[in-house]
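First comes the structure, then the notes that go with it.
All of the numbers you see were taken from the coordinates with simple rules; none came from a lab. Everything numeric here is computed off the predicted structure, so don't read it as measured data. So basically every Cβ, Gly included, is an ideal-geometry build from the backbone, and we count neighbours across all protein chains shown.
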Amino acid sequence: MSPFSPSIAPFSNGEDSEASNPMGMMMNKFLETRTVLIFGGVDQKLAERVTAQILYLDHLSNDPIRLMINSPGGHVESGDTIHDLINYIDSPVAVVGTGWVASIATHIFLGVAPEQRFCLPNTRFLIHQPSGGAGGKASDIAIQAEEIVKMRERIAQKIAAATGQPMDQVMKDIDRDYWMSTDEAKEYGILGTVINKASEVSF
């Protein structure tokens, strides 16, 4: 599917009407307000859609972009793409968490400065180490295990740099699922501000 098909991005191909594709029309309306949604599992398809939308908005102007995140996490490299893209573009970005921001979605959330990290009151946050289902020959399993260890350290370094937490503390914290409330996430350095209204988001 094209990243600019009406179901996921800014353009209509003329084949789908508003009645037959209301979600596509709604997504277009969100883009008009320079808002991009990251809802559900993070995978290659979502990364392609979010990348296309962010690059499109950045092409239109360098006005601020708002990312709304409600995600259990997912594929690490797909999350890396969105995280890195936030810094690649010229437009300022604010992230707004809602529901839950977990695993690699937290990595995306940490892609902006602390003062640009917001969430709604009932949001929960999760950090943990990456997991993988190693399979195949023993030599392949060993390679995969080594890559997971490297990935774990890299993610821990990102969390430490974005939160101000010591690296050894982050490594300890992500050893198991580490859930945080808004107050705990703010104290940890993940969250900047809890908001109730869209007007409270600043860039």
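Please report the antiparallel percentage of the DSSP beta bridges confined to the stretch 33-200, to the nearest 5. Rounded to the nearest five, the antiparallel share is 15 percent.
Counted by neighbouring Cβ atoms within 10 Å, the residues Ser71, Ser61 run from fewest to most as Ser61, Ser71. By the beta-carbon count within 10 Å of each Cβ, the least crowded to most crowded order of Thr193, Thr106, Thr51, Thr123, fewest first, is Thr193, Thr51, Thr123, Thr106.
With Cα atoms as the point set, the stretch 33-200 shows a radius of gyration and Dmax of 16.1, 55 Å. Quick check: net charge around Pro72, other residues with Cβ under 12 Å of its Cβ, Lys/Arg +1 and Asp/Glu -1? Local charge sum for Pro72: -1. Just to confirm a number: summing +1 for Lys and Arg and -1 for Asp and Glu over residues other than Ser91 whose beta-carbon lies under 14 angstrom from that of Ser91, what do you get? Combined, the nearby Lys, Arg, Asp and Glu give -1. Local charge sum around Asp168 (other residues, Cβ-Cβ under 12 Å, Lys/Arg +1, Asp/Glu -1)? Surrounding charge for Asp168 is -2. Based on Cα contacts under 8 Å between residues 6+ apart, the stretch 33-200 shows a relative contact order of 20 percent.
Look at Tyr56, Tyr88 and count the other Cβ atoms within 10 Å of each Cβ; fewest to most, that gives Tyr88, Tyr56.
Using θ = phi - 60° in the Karplus curve 6.51 cos²θ - 1.76 cosθ + 1.60, the 3J(HN,Hα) couplings for the stretch 93-99 round to 10, 10, 10, 10, x, 8, x Hz; x is entered for Gly and Pro.
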